Amino acid sequence: MKKRQFKTESKRVLDLMINSIYTNREIFLRELISNASDAIDKLYYISLTDKTVKVNKEDLKIRIDFDKDKREITISDNGCGMTEEELENNLGIIAESGSLHFKEENKDQNDVNVIGQFGVGFYSAFMVSRKVRVETKSYKEDKAFVWESEGIDGYTITNSDRKETGTSITLYLKEDTDDDNYSDFLTEYKLRSIIKKYSDYIRYPIIMEVENSRKKEDSDEYETYKELTTINSMIPLWKKDKKEIKNDEYNNFYNDQFFDYSEPLKVLHFNMEGSINYTALLYIPSHAPYNFYTKEYEKGLKLYTNGVLIMDKCSDLLPDYFSFVRGVIDTEDLPLNISRETLQDDKNLKAIAKSIESKIKKELLALLKDDREKYEEFYKAFGMQLKFGIYNDYGMHKDQLIDLVMFASSENKKLTTLEEYKSRMKEGQGEIYYACGETLDKIDLLPQVAAVKDKFEILYLTEYVDEFTLKTLGEYDGKKFVNVSSEKIDLSSEEEKKEIEKVNTDNKELLTFMKEVLDNAVVNVKFTNKLKDHPVCLTSEGDVSVEMEKVINAMPTDEKITAKTVLEINKNHKIYDKLVDLYSNDKDELKKYTKIIYYEARLIEGLPIDNPTEMSNLMCDIMANK
Ligand code: ADP
């Protein structure tokens, strides 16, 4: 019999499972029960549309058996089963997304996060087993198979004479060691309590043979006997009375269903009644899943209708900007046998989506108002998604999101909402100022910022979507957003303006000379009086800012843009007199100075320099001649 090999990534995950130091090993049972329940869901769903597949709803169940002496636990279901090919694809290869993540980020980790984050499901069996045996028959055919593996070495697939559709998974438990006790799992009490703890809401009976005692007939003595008993209450969590649900139950359900082993940030559990009826159990995660900001992430809510799982990730229920929300929707307002294709156009589904959206928005606003710290935690994880939401679709949803976004402020470097900023605006402040840069500290040091900061509060934008977001918004409550690096910005008095205009006119020839030296790399060179102590800065004219140039040019497309930059030189700095002097006495030297000044201005803006060697040569030249 040929041994088949696991794919490389699967091997690594398996290795992780086998040698796991994860203390919460009992979750293996939850994972296998959850798979069993999914398999039954699938078969039942298929039977609704495919008349050749016959299922009796009452017969659907999951069974747990154990044998203390043989050290075996068996989890059986009468779900859809697997064909040979499915066995190979489902159990031989770990889910794509998980493997990619594993490759990229977790080369040497062996901890909860890794196990938690990608829902290794089936492989968790290897945390407690030295060998795993899967016997299965698919509803699609009469052939049955056995998949067996003792771990890393690979697995075998052989034929089986099993007749019933479904799957039985047998775990051969590891031997106990000084540190690890596996025998615990071979007791009725332990298995029962794990099932109650994690799988109580599973909607199919989880049955197990349990020991009971009864009074003997015609005698006072008691005898023990075994009886198949349903362990779980089968009431889905979302159908239970809110008042009766403990926090732990909400969290366990979340952990189990959404592969996130940390606590959710917020739970929303509500019933909607009226023109549209549904129950929702929604979660806002406390952190972004590893693949959240990639194409791999799939948004969506689990959709049940009348207790039947219709879709695992119904994406139409959530707008993109709330894609981080996980959860379950249960409704009676959709037909049971609705096909996944027609679902999209269903009027009721659209109404539910709309209602969910407004509920989420309301809850987020409430969080912002009542629990600022939590909101900021949320915002750190998902704020980027809200900002994308504003500028995507040409700003179509900006009104929906404008009150939810925050930016850092020059006031205290903390996050502020636009409403808060506006409430602090000074008399006569007609605009909302912002500045862009890599970090808050770097922005704080920009010459243009120093010029404005003393008078007005500035929003500090560090994320590449930030400026695009503000550009899409255009204004907040009638106040325009203005980049402090825009050439237009001028907070000086009329008198000061006149004065500087004269300086620029008087030095027209000098400035033209400098611009030519720079070979028109800038659209203008001018003197300014807005720079406090800083000698130079680079500003931009028109719609494209220096920051936008950086962002767009960093994108992997052919489209490149250039901001129209203006080199501004501080009239009140000693360099002014030097330049004027050089123009009259030493034009060659002025050329060198001009280039250095321009290079400096680029450096301050975080822009690359085409020819650093030239810059260094020029500087050394000047130093040597001093
Ligand atoms: P996940 O459940 O997250 O997809 P698993 O590793 O737990 O990942 O399972 C991999 C796949 O194996 C499942 O998606 C399913 O197709 C199949 N599978 C696992 N257990 C069963 C089962 N009891 N019956 C039918 N198919 C199963």
_Segment E263-K413, length gained on full extension (0.36 nm per residue, minus Cα span)_ = 51.2 nm
*Would you compute, from DSSP H runs of 4+ residues alone, the mean residue ellipticity of the chain at 222 nm, taking -39500 (n - 2.57) per run and dividing by the full residue count, rounded to the nearest 500?*
-11500 deg cm²/dmol
_What's the ranking of 319-330, 421-432 by average number of surrounding C-beta atoms within 10 Å, highest first?_
319-330, 421-432
*lysines near K190 by alpha-carbon distance under 23 Å, same-chain residues fewer than 8 away left out - which ones?*
K61, K68, K70, K131, K174, K226, K246
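Taking 8 Å as the Cα distance limit and 6 or more residues as the minimum spacing, I'd like the relative contact order of the range 492-626 as a percentage.
Numbers: 148 pairs, mean separation 32.9, N = 135.
Averaging sequence separation for qualifying contacts and normalising by length gives 24 percent for the range 492-626.
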_Difference of contour (0.36 nm per residue) and Cα-Cα distance, E463 to L365_ = 33.0 nm
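What FRET efficiency, computed as 1/(1 + (r/R0)^6) with R0 = 41 Å and r the Cβ-Cβ distance, is obtained for K226 and D176, rounded to the nearest 0.05?
Approximately 0.95, to the nearest 0.05.
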*For the range 159-301: Kirkwood Rh in Å [reciprocal of mean 1/r, alpha carbons]*: 19.6 Å
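Using only alpha carbon pairs under 8 Å that are at least six residues apart, calculate the relative contact order of the range 173-279 and give it in whole percent.
Details: 109 pairs, mean separation 21.0, N = 107.
Rounded, it is 20 percent for the range 173-279.
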*Distance in nm between label sites at K190 and D161, each 7 Å beyond Cα in the beta-carbon direction?*
3.5 nm
_Counting only protein heavy atoms and a 1.4 Å probe, tell me what percentage of the range 3-230's accessible area is made up of carbon and sulfur._
42 percent
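Using 1/(1 + (r/R0)^6) with R0 = 45 angstrom and r between the beta carbons of D50 and S233, what's the FRET efficiency to the nearest 0.05? Don't skip to the end; give the middle numbers.
On the way: r = 31 Å, r/R0 = 0.68.
So, using R0 = 45 Å, E works out to roughly 0.90.
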*Treating the Cα atoms of the chain as identical point scatterers in vacuum, please give the log10 of the normalised Debye intensity I(q)/I(0) at q = 0.06, 0.11 Å⁻¹, two decimals.*
-0.50, -1.08
*Can you sort L446, L440 by 1.4 Å-probe accessible area, starting with the largest?*
L440, L446
_Tell me the per residue accessible area of the chain using a 1.4 Å probe; a whole number in Å² is fine._
51 Å²
*the range 492-626, accessible surface, carbon-and-sulfur percent (1.4 angstrom probe)*: 49 percent
*Using 7 Å Cα-to-Cβ label points, what is the D441/D65 separation (nm, one decimal)?*
6.6 nm
*Along the Cα-to-Cβ line of Y297, 7 Å from the Cα, sits a label point; which residues in the range 456-490 have backbone N less than 20 Å from it?*
462-470
_For a distance above 24 Å, tell me the whole-number percent of Cα pairs in the range 237-376 that qualify._
29 percent
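Compute the normalised compactness of the range 405-484: alpha-carbon radius of gyration over 2.2 N^0.38 Å, N being the residue count.
Against the compact-globule rule of thumb, the ratio is 0.97.
For the range 178-257, run through the trypsin sites (Lys or Arg not before Pro) and keep only the ones in DSSP coil with at most 15 other Cβ atoms within 10 Å of their Cβ.
K216, K246
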*Only residues of the range 568-594 count here: report those whose backbone N is under 17 Å from the spot 7 Å along Cα→Cβ of K502, or say none.*
571-572
*Taking all pairs of different Cα atoms in the range 3-230, averaging 1/r and flipping that mean, what Kirkwood radius in angstroms comes out?*
18.8 Å
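Please compute the contact order of the chain in relative form: average sequence separation of alpha-carbon pairs under 8 Å and at least six residues apart, divided by the residue count, as a percent.
Across the chain, relative contact order equals 8 percent.
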*Could you work out how far helix 8-18 tilts from the main Cα principal axis of the chain, as a 0 to 90 degree angle to the nearest 10?*
60 degrees
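The values are calculated or read from the model by the stated rules, or taken from the named source; none is laboratory data. Remember, predicted model here, so these are calculated numbers, not experimental data. So basically every Cβ, Gly included, is an ideal-geometry build from the backbone, and we count neighbours across all protein chains shown. The accessibility values were calculated without ligands, DNA or RNA, using every heavy atom of the protein model including side chains. Shrake-Rupley method; radii C 1.70, N 1.55, O 1.52, S 1.80 Å.
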